[in-house]
Structure formats: C-alpha cells, structure tokens
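A.B. asks: Attaching a single structure in structure tokens format; questions to follow.
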Amino acid sequence: MLTQPTFQFLKDLAENNNREWFAENRARYETAKKEFEKFVEALLKGVSEFEALPNTTAKDCIFRINRDIRFSKDKSPYKQWFSAAIGPGGRHSGRIDFYIHIQAGESFLGAGMWNPTPKQLAKFRQEIDFNPQALKSIIETPEFRDYFPEIWGETLQRPPKGYTKDHPDVELLKRKQLFFMHKYTDKEVMSAGFVAEVIKGSRLIKPYCDLLNYLFFEETEETFEL
C-alpha cells in the first residue's frame with residue numbers, strides 16, 4: 001500500500017528538484033522507494049496470474065528516479081514520480097508492457113503503441129487495412145473504453161502514404177501513436193485495494209498489448225486471433 005509520506009516526498013521533490021535538497025532528504029527517498037518496490041512486487045505477483053513473468057523482479061521493472069539531462073533544456077536532476085514497466089524482464093524487455101506511473105495528482109496505468117519504429121508502424125497500418133476487427137474488437141468494447149477513456153499520441157493530419165481519406169478506418173491509419181491511459185486519484189492510489197485495481201486494468205488492456213507484441217515481434221503468416 002502506498003502512503004501519504006510517499007506522496008509528500010514526491011510533492012516536496014517537485015518543489016525542490018536539486019541535488020542538495022535530495023541529499024538532505026535521502027532517508028525519505030529510501031523509505032518511499034522501498035514502499036514503491038513492495039507495491040511493484042505485489043503487482044508482479046498478481047499480473048503473473050495471466051502474464052508470464054519468469055525471473056522478473058521489482059528492481060527489473062522500476063525506472064531510475066534520476067533524469068537523463070544530457071540533451072534536455074530542463075536540467076532538473078530528478079523525476080517527480082515513481083514508475084515501472086510490468087512485463088517479462090521488466091523495463092528492458094523491449095516489448096509492449098504495462099506502465100504504472102505514481103505522481104501526486106498525476107498517477108496512471110497505461111499501455112500501447114508509443115514510439116514505434118517505421119517498420120512497426122507499417123505493420124500496424126497493414127493490420128488495420130486487412131484485419132481491423134482484431135484491434136477494434138478490443139479497444140471499442142464498452143468495458144475497455146470505460147476504463148481507458150484517454151488516448152495519448154500523435155496523429156497525422158492526412159492519411160499516410162498508400163491510403164485514401166475515404167478508407168473506413170482512416171482515423172486509426174492516421175495514428176502515429178496509440179497509447180491508452182487510466183488515471184487514478186491520490187486517494188485511490190493510497191487505498192487498500194489499489195494493487196487489485198491496477199491488476200484489473202492490466203488484465204483488461206492485455207489483449208491490446210498481445211496484439212501489438214504479435215505484430216511487432218512475433219508475426220507470421222497466421223492471422224491474429226483473440
């Protein structure tokens with residue numbers, strides 16, 4: 001269970017994002033980090049009931065709090081959140097995983113197509129062109145849309161090359177990214193049932209992740225089936 005002190009640490013870090021303050025509050029960080037690790041361990045245990053996670057630990061999944069500022073105009077040294085990728089092998093799996101983000105007022109569960117390679121995007125569009133129902137039967141169900149009402153990502157202004165504006169699924173074809181999110185209030189995050197809630201959301205979005213992983217990493221001549 002995530003607690004108020006963890007959120008307070010993240011709030012204070014947002015207001016004091018410098019190395020001197022972080023060093024002075026190192027003990028608070030270590031306590032909050034340990035609490036987040038236990039939360040991720042509980043997530044892994046629950047998600048492993050429907051997703052194979054061999055030899056995957058919480059530390060494999062959790063992203064570092066330090067920011068890479070080498071090419072960024074924002075030189076703040078630390079992220080203002082805790083985050084983890086829940087999937088086989090953790091954050092370095094290279095596949096489409098469940099992403100959990102814990103931040104004061106900005107917590108969410110998300111998954112989907114975020115930064116596809118040109119080859120992956122071409123495969124996605126080919127699937128929409130030839131077998132759109134595989135995707136639509138997942139993301140257009142009332143249960144899915146109720147839980148994941150927010151869609152993030154870039155969209156082309158015009159249909160991509162090779163497709164016409166009167167294509168029946170032109171809006172999906174125009175997507176450069178298709179990432180779904182469910183936001184949680186701080187109160188929800190600190191509730192006793194939060195782990196179960198995130199597991200529920202992960203189970204719900206798993207078919208979409210499975211489809212993308214199939215298209216990007218495992219596609220054969222066979223058609224994807226639910």
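The values are calculated or read from the model by the stated rules, or taken from the named source; none is laboratory data. What you are looking at is a predicted structure, and each value in this text was computed from that prediction instead of being measured. Methodologically, a virtual Cβ is constructed for each residue, glycine included, from the backbone with ideal geometry; neighbour enumeration extends over all protein chains shown. Only protein heavy atoms, including side chains, enter the accessible area calculation; ligands, DNA and RNA are left aside. Shrake-Rupley method; radii C 1.70, N 1.55, O 1.52, S 1.80 Å.
A.B. asks: If the only charges are +1 at each Lys and Arg Cβ and -1 at each Asp and Glu Cβ, what is the size of the charge dipole of the range 16-175 around the Cα centre, to the nearest 20 debye? Write out the running numbers ahead of the final one.
C.D. replies: Details: 26 positive and 23 negative charges, 162 e Å.
For the range 16-175, the charge dipole is close to 780 debye.
A.B. asks: Between Asn16 and Asp129, what is the spin-label point distance in nm, taking each point 7 Å from the Cα along the Cα→C-beta axis?
C.D. replies: According to this spin-label approximation, the distance is 5.7 nm.
A.B. asks: What Kirkwood radius, in Å to one decimal, follows from the Cα pairs of the range 29-104? It would help to have the intermediate numbers written out before the result.
C.D. replies: On the way: mean 1/r = 0.0757 Å⁻¹.
Hydrodynamic radius (Kirkwood, Cα pairs) of the range 29-104 is 13.2 Å.
A.B. asks: Still on this structure, I have one more. Using a Gaussian network model on the chain with a 10 Å cutoff between Cα atoms, which of Arg203, Arg64, Arg26 fluctuates the most?
C.D. replies: Largest GNM mean-square fluctuation: Arg26.
A.B. asks: Between 0 and 90 degrees, rounded to the nearest ten: what's the tilt of helix 194-213 against the longest Cα principal axis of the chain?
C.D. replies: Approximately 40 degrees, to the nearest ten.
A.B. asks: Only Cα pairs within less than 10 Å get springs; with that Gaussian network setup on the chain, which residue of Tyr29, Tyr99, Tyr208 has the largest fluctuation?
C.D. replies: Sorting by GNM fluctuation, first place goes to Tyr29.
A.B. asks: Then there is this: Here are several values of semi-axes √(5λ) of the Cα gyration tensor in Å: [x] 34, 20, 16; [y] 63, 15, 11; [z] 26, 20, 18. Which one was derived from the coordinates shown?
C.D. replies: Recomputing semi-axes √(5λ) of the Cα gyration tensor in Å here gives the entry labelled [x].
A.B. asks: Helix 26-47 versus the longest principal axis of the chain: what is the Cα-based angle in degrees, 0 to 90, to the nearest 10?
C.D. replies: 40 degrees
A.B. asks: Within the range 90-126, which residues have the backbone N less than 16 Å from the label spot 7 Å out from Asp68 along Cα→beta-carbon, could you tell me?
C.D. replies: 91-95, 115-117
A.B. asks: Sorted by packing (mean other beta-carbon atoms within 10 Å per residue), highest first, where do 10-21, 168-179 land? Each step should come with its number before you reach the end.
C.D. replies: Details: 10-21: 14.3, 168-179: 16.8.
Per-residue mean Cβ counts within 10 Å order the peptides as 168-179, 10-21.
A.B. asks: Over the range 133-189, give the accessible area per residue in Å² for a 1.4 Å probe, as an integer.
C.D. replies: Counting only protein heavy atoms, the per-residue value for the range 133-189 is 62 Å².
A.B. asks: Please find, in a Gaussian network model of the chain (springs between Cα atoms separated by less than 10 Å), the residue of Phe22, Phe148, Phe130 whose mean-square fluctuation is greatest.
C.D. replies: Phe130
A.B. asks: How large is the dipole of the range 81-217 about the Cα centre if only Lys and Arg carry +1 and Asp and Glu carry -1, each at its Cβ, rounded to the nearest 20 debye? Display every interim value, and only then the final one.
C.D. replies: Details: 18 positive and 16 negative charges, 101 e Å.
Dipole about the Cα centre, nearest 20: 480 debye.
A.B. asks: Now, a different point. Taking all protein chains as present, what is the carbon and sulfur share of the accessible area of the range 10-50, in % to the nearest whole number, probe 1.4 Å?
C.D. replies: Details: 1060 of 2440 Å².
In the range 10-50, the share of accessible area belonging to carbon and sulfur is 43 percent.
A.B. asks: Same structure again: I need to check one value: relative contact order of the chain, counting alpha carbon pairs closer than 8 Å and at least 6 residues apart, in percent.
C.D. replies: Numbers: 311 pairs, mean separation 48.3, N = 226.
Computed value for the chain: 21 percent relative contact order.
A.B. asks: Charges at C-beta only: +1 for Lys and Arg, -1 for Asp and Glu. How large is the resulting dipole of the range 1-83 about its Cα centre, in Debye rounded to 20? Working shown, then result.
C.D. replies: On the way: 15 positive and 13 negative charges, 65 e Å.
Using only the charged Cβ atoms, the result is roughly 320 debye.
A.B. asks: Note the direction-averaged projected area, equal to a quarter of the hull surface, for the Cα convex hull of the range 94-152, in nm².
C.D. replies: Working: hull surface 20.2 nm².
Value for the range 94-152: 5.1 nm².
A.B. asks: As I understand it, the dipole of the range 22-117 uses +1 on the Cβ of Lys and Arg and -1 on the Cβ of Asp and Glu, about the Cα centre. Which of Leu43, Ser76, Gly112 lies farthest toward its positive end?
C.D. replies: Selected residue: Ser76.
A.B. asks: 7 Å from Cα along Cα→Cβ at both Thr141 and Val170: what's the point-to-point distance in nm?
C.D. replies: So the label points at Thr141 and Val170 sit 3.0 nm apart.
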